[in-house]
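Report on one structure; see the data block that follows.
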Amino acid sequence: MPSSFHRVVLDATSDAPITVTAANPELPGSLPPSAVAGRMPTALLVVGAMISIQLGAVIAKHMFALASPVTVACARIVLAGSFALLLWRPALRIERTALLPIAGLGVAIAGMNLCFYAALDRIPLGMAVTIDFVGPLTIALIGSRRTRDALWVALAGAGVLLLVDSDGPVSWTGVLFAVAAGAGWGAYIACGAIVGRHTAGHDGLALAMGLGGLLALPVVVANSAVVLLNPVFLLGAAGLAVLSSLVPHAIEMAALRRITPAAFGVMMSLEPAVAAGVGLLLLGEDMRVAQWLGIGLVVLACAGAARGPRDDGSNGHEVRYAEKAVSSTVDSAI
């Protein structure tokens, strides 16, 4: 899965838009950009983040020859959590109200990555990423009162139907895993918004990633402990953690200092197309014309949904996302 997942949402306590990503569910601007990134055009930074994520997915597919997708995913989750704890050194003193959301975020991190890698083992990269994108798109549109959003839902649905309609056999198990990864991504967004409000800096994210790693560690040991002695496997898993988590996070934060979250969301809506292109060039995963058209429809739906709140001229109170309702419910429960 996309392990650095991106979506523009509204904070539950404000009308100001923020961006929640799988690399950072908090407000942007906490990571200083490098001097090199500061001189690069914003579009190149965003494309660089997308390419980094998909290169990680390519490495993951090759690692399936060494271990099962579950083992690869869990090893990557463990290392990404370890790197996050070492780099960000979160404070262990946190609000009691943040404990449940952090736990939910950690479970979502583990679950969505496990499901995405299971999908990646069964269906092409472009198809997996595109279906996965339907999850956060649904979260963004569920609470909207704008009739125009029904168009984006219809476009996304038509795109997925075109994707799974192929001459050859389609792994419906892989499709269901991709749908489950998208659902996990939606849960990530909802929990991430709450964690961002109740914790400072990267503390909440680092603790959630650490918890995800803790949950994944027994799975790695139980499934294939011997593979942990393979230096090639460990190097590949470390590469996944860097390419799919740390590098995209740094690049995205640099980009978000220059452009609005809405513009960022539109740019990131190109990721399914980038994933399909990377899959074609590096994995030889060709798709039919109808399937490429399906990817195009999902990209258009994501771009339209990201631009919608800025384009409809509303005062912001009419634009509500599902994560608002979820976060309010969880807040009241805790």
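Every read-out reported here was derived from the displayed coordinates using simple, explicitly stated rules and does not represent laboratory data. Keep in mind that what you see is a predicted model, and the values were worked out from it rather than measured. Backbone-built Cβ (ideal geometry, glycine too); neighbour counts: all protein chains shown.
A few points about this structure:
- Inter-probe distance in nm under a simple model that places probes 7 Å from Cα toward Cβ, at HIS62 and ARG288: 3.1
- Volume per residue for the stretch 105-227 equals 118 cubic angstrom (convex hull of Cα atoms).
- The local environment of GLY56, defined by Cβ-Cβ distances under 13 Å, has a net charge of +1 under the rule Lys, Arg +1 and Asp, Glu -1.
- Ranked by the mean number of other Cβ atoms within 10 Å of their residues, highest first, the peptides 146-156, 207-217 come out as 207-217, 146-156.
- At R0 = 30 Å, FRET efficiency that the Cβ-Cβ distance of ALA158 and ALA43 yields, to 0.05: 0.60
- Whole-Å semi-axes of the stretch 55-167's equivalent ellipsoid (Cα gyration tensor): 30, 25, 9
- Using a Förster distance of 56 Å, the FRET efficiency for ILE259-VAL226 (Cβ separation, nearest 0.05): 0.75
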